[in-house]
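Trainee: Encoded as structure tokens, here's the structure I'll be asking about.
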Amino acid sequence: SQQGEEDPQALSIQEGENATMNCSYKTSINNLQWYRQNSGRGLVHLILIRSNEREKHSGRLRVTLDTSKKSSSLLITASRAADTASYFCATSRYNTDKLIFGTGTRLQVFP
Amino acid sequence: DAGITQSPRHKVTETGTPVTLRCHQTENHRYMYWYRQDPGHGLRLIHYSYGVKDTDKGEVSDGYSVSRSKTEDFLLTLESATSSQTSVYFCAISRGVENTEAFFGQGTRLTVV
């Protein structure tokens, strides 16, 4: 089964609004990573948060990690139409070299 | 963009035929991964490699084999393609996902008819 499950599966918002996506996972991790995928393209890394970190920022992105609940959230502030894409969380499982992805959230930002 | 190239980018093949997809990197990264992406399933790990001739299975390895005879190339083979293997296949490379990110190729769209 998938290591990461994300919700919502799809999200539609207006430009300027904030978008929040959530990710849950099942086992101990080294870190949790978020990726973005534009339609028909490869994935691009957005941000990595280590298991001993609770929050991390990068530009308009804010990621939180709660290891006690085995969950993470990605917040995109002041969204733009160009943020329209699918977003995936991925976990580096503790003591392995595997990177396991969730099912993703499709974000649509309307101008 | 990281130096990672997948070939072919598109392929149509018949059921029962062997198919090999190639991933080539110029970054000298130790780790290489093959994923498949299907609607509703996200990306699922097929196989990965942690060095030349060192490979391991992922979540959905049945029907697939891999080989890595040199650092820069990671081959994915479908020994006898089936319609359930119609998918988009992505290769990724990394210096080590315990500490850093993975870089992805542009994908190979495989259709098995």
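We did not get these values from a lab; they are worked out from the coordinates using the rules stated. Model, not experiment: these values are computed from the prediction. Neighbour counts are summed over all protein chains in view; Cβ atoms, including those assigned to glycine, are modelled from backbone coordinates with ideal geometry.
Trainee: How far, in nm, would the chain grow between B:Arg22 and B:Val113 when pulled straight, counting 0.36 nm per residue and subtracting the alpha carbon separation?
Mentor: Full-extension gain reported as 30.7 nm.
Trainee: Just tell me how shielded B:86-97 is by partners: mean number of partner chain Cβ atoms within 10 Å of each residue's Cβ, no decimals.
Mentor: 3
Trainee: Still on this structure, please answer the following. Around A:Glu15, under 14 Å between beta carbons, what's the net of Lys plus Arg minus Asp minus Glu among the other residues?
Mentor: 0
Trainee: Given H placed on each backbone N at 1.01 Å, which residues far from A:Thr67 in sequence or on other chains put an amide H within less than 5 Å of it?
Mentor: Residues meeting the criterion, in which the H sits 1.01 Å from N, do not exist here.
Trainee: Sticking with this structure for a sec: Could you check which residue among B:Ser94, B:Ser65, B:Ser84 shows the biggest mean-square fluctuation in a GNM of chain B with a 10 Å Cα cutoff?
Mentor: B:Ser84
Trainee: Measure out, as a whole number of angstrom, how far apart the alpha-carbon centroids of segment B:37-74 and segment A:70-97 sit.
Mentor: So the two Cα centres are separated by 22 Å.
Trainee: Expressed as a rounded percentage, what relative contact order does chain A have, with Cα pairs under 8 Å and six or more residues apart?
Mentor: Normalised by residue count, the contact order of chain A is 39 percent.
Trainee: On a 22 Å Cα-Cα criterion, which of the cross-link pairs B:Lys11/B:Lys57; A:Lys56/B:Lys57; A:Lys26/B:Lys53; A:Lys26/B:Lys57; A:Lys26/A:Lys98 come out too long?
Mentor: Beyond 22 Å between Cα atoms: B:Lys11/B:Lys57; A:Lys56/B:Lys57; A:Lys26/B:Lys53.
Trainee: Scan chain A and report its longest stretch carrying no trypsin sites (Lys or Arg not before Pro) that are both in a DSSP loop and have at most 16 other Cβ atoms within 10 Å. Walk me through the numbers on the way to the answer.
Mentor: Details: sites that count: A:Lys26, A:Arg41, A:Arg54, A:Arg60, A:Lys69, A:Arg80.
Longest stretch, sites excluded: A:81-111.
Trainee: Around A:Lys98, which amide H atoms from residues at least 5 apart in sequence, or from another chain, sit under 5 Å from its own amide H, with H modelled in the peptide plane?
Mentor: A:Arg93
Trainee: Also, I was wondering about something else. Hey, can you grab everything whose amide H is under 5 Å from the amide H of A:Thr103? Only 5+ residues off in sequence or another chain; H modelled, so Pro and N-termini drop out.
Mentor: Long-range HN contacts for A:Thr103: A:Glu6.
Trainee: Using θ = phi - 60° and the Karplus curve 6.51 cos²θ - 1.76 cosθ + 1.60, what whole-Hz ³J(HN,Hα) does each residue of segment A:45-50 get, with Gly and Pro shown as x?
Mentor: Computed from phi, the couplings for segment A:45-50 are 5, 9, 6, 10, 10, 7 Hz.
Trainee: Once phi is turned into ³J(HN,Hα) by the Karplus curve 6.51 cos²θ - 1.76 cosθ + 1.60 with θ = phi - 60°, what whole-Hz value does each residue of segment B:5-17 show in order, with x for glycine and proline?
Mentor: 3J(HN,Hα) across segment B:5-17, in whole Hz: 10, 10, 9, x, 8, 9, 8, 10, 9, 9, 3, x, 8.
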